[in-house]
Amino acid sequence: MSLIPTRTLVEAAAAAGTGIGAFNVLHLETAEAIVQGAETAGLPVILQISENCASYHGALEPLALACRSVAAAASVPVALHLDHAEDPALVHQALELGFGSVMYDGSRLPYSENVAATARVVKHADACGAFVEAELGEIGGKDGAHAPGVRTDPFEAVDFVLATGVDALAVAVGSSHAMTQRSAELDLELIAELRRTLHVPLVLHGSSGVADEVLVSAIQAGMTKINVSTHLNGYFTRAVRGVLENNPDLVDSRKYIRAGRQALAPEAGRLLALFAHGCPAQD
């Protein structure tokens, strides 16, 4: 199956009132595990590559081509998304590589500059038939707008969407990036208000810090695209650590990376089912 446009998956979920999982890829094995989980669940998934990840690999293209290959072999719909890109040149490269969507992060810029830069990205992406996600107010940087107590203003959000023409908006409703404990409390009333006010799908960043039942409530209130990275990374890392602790002389990296891939896949599938069906699975 070839890559599916991100717009197709997000708009279908929004119309159905369900959630679509967007999971960050760090390397080939995470892409393989995420897609394996999606195939087991029989559900679509969005693979995300962040600007930070592209920097880690030294370039976007190698991992992007690997994800395209994994998607082409998948039995379920898979979309490819560029996450938290601050460099417009990287956005252009992603679109040339066939990404179905990009998240342009101008949140560090003054509001007027963020609007202007985001609008330019939208114009370029529209010409490529791609979907654009953006945000207003700093959500990146681990403790910006997704720090506890910081919230998206619905009226400012409306103005931002109208001024930029974005297709989806990441909103600050109580979650925070890179949380390892699932203890974040989301403002469900604000999510519902934003859903009523905006005509574009809402995106939840920092979902790793949100418990299953709260994620379900957030989707019911109006969230659509649910981003997860740290939570899944934890499954991968714990499995690798366990193998190495039990086998201190092991030097073949395939043998411990395989364990990480095997541990991540079922959790990816479980989360996709949770978002799609709204029923928290039992541990």
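Quick look at the numbers
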quantity: Dipole magnitude of the chain about its Cα centre (Cβ charges: Lys, Arg +1; Asp, Glu -1), debye to nearest 20; calculated: 620 debye
quantity: Spatial separation of Cα centroids for region 1-19 and region 192-268, in angstrom; calculated: 19 Å
quantity: Highest to lowest packing among 105-113, 80-88, scored as the average C-beta count within 10 Å; calculated: 80-88, 105-113
quantity: Sum of side-chain charges, LEU9 neighbourhood, beta-carbon under 13 Å (Lys, Arg +1; Asp, Glu -1); calculated: -1
quantity: Long-range tail of P(r) for the chain (Cα pairs > 31 Å, %); calculated: 21 percent
quantity: Distance (nanometres) between label positions extended 7 Å along Cα→Cβ at ALA192 and HIS92; calculated: 4.6 nm
quantity: 3J(HN,Hα) from dihedral phi, region 253-265, Karplus parametrisation 6.51/-1.76/1.60, rounded to Hz, x for glycine, proline; calculated: 4, 4, 6, 9, 5, 4, 4, x, 4, 5, 7, 6, 4
quantity: Under Karplus coefficients 6.51, -1.76 and 1.60, residue-wise ³J(HN,Hα) of region 222-235 in Hz, glycine/proline x; calculated: x, 6, 10, 8, 10, 8, 9, 9, 4, 4, 6, 4, x, 4
quantity: Taking all pairs of distinct alpha-carbon atoms in region 222-274, Kirkwood radius in angstrom; calculated: 12.1 Å
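Since every read-out is calculated from the coordinates, none of them should be taken as a lab result. Worth saying up front: this structure is predicted, and the values here are computed from it rather than measured. Every residue, glycine among them, receives a Cβ derived from its backbone with ideal geometry; neighbour counts consider all protein chains shown.
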